[in-house]
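Participant: Here you go, one structure.
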Amino acid sequence: MTTAHLIALIIGLVTLGVGLTTLVRPSITRSLLSMPAGEGATYALRIGGMMLTAFGLVLVLFVAAFTATPNQFLGVR
């Protein structure tokens, strides 16, 4: 695993964690960002949380795909 893969993995895991937290508990993110409580803010935070979660998951899966050999990735022995 190269340094670039490691950096991408760390960024992906952090983004995945922040996205899941924002998706599941928007009140935590709303208080950190000092946003007013409201239905619109909650919906916007949930949408943003899902986007961050998807981006983090894509990064982590790309790192897994690029670091594995083709036989490991396809399950061939």
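The values are calculated or read from the model by the stated rules, or taken from the named source; none is laboratory data. Bear in mind that the values here come from a model prediction, so they are computed numbers and not experimental data. Every residue, glycine as well, gets a Cβ built from its backbone with ideal geometry; the counts of neighbours run over all protein chains shown.
Participant: Which pairs have Cβ atoms under 8 Å, sit 6 or more apart or on different chains, and link a residue in region 41-59 that is more than 10 Å from Leu13 (Cα to Cα) to one that is of a type outside the set (Lys, Arg) and not in a helix (DSSP H, G or I)?
Facilitator: Here the result reads Ala41/Met35; Leu45/Met35, each pair linking region 41-59 to a residue that is of a type outside the set (Lys, Arg) and not in a helix (DSSP H, G or I).
Participant: Is one or more of the residues making up region 15-29 among the polar types (S, T, N, Q) and touching a Gly at 6+ places or on another chain (Cβ under 6 Å)?
Facilitator: yes
Participant: Considering every residue within region 64-74, establish whether at least one is of a type in the set (Gly, Ala, Ser) and modelled with pLDDT of 85 or more.
Facilitator: yes
Participant: If you check Thr42 against the conditions, is it farther than 26 Å from Ala65 by Cβ and either at pLDDT 85 or above or surrounded by 13 or more Cβ atoms within 10 Å (Cβ to Cβ) (or both)?
Facilitator: yes
Participant: Within region 1-39, work out how many residues are closer than 30 Å to Ala65 by Cα, modelled with pLDDT under 90 and touching a Ser or Thr at 6+ places or on another chain (Cβ under 7 Å).
Facilitator: 2
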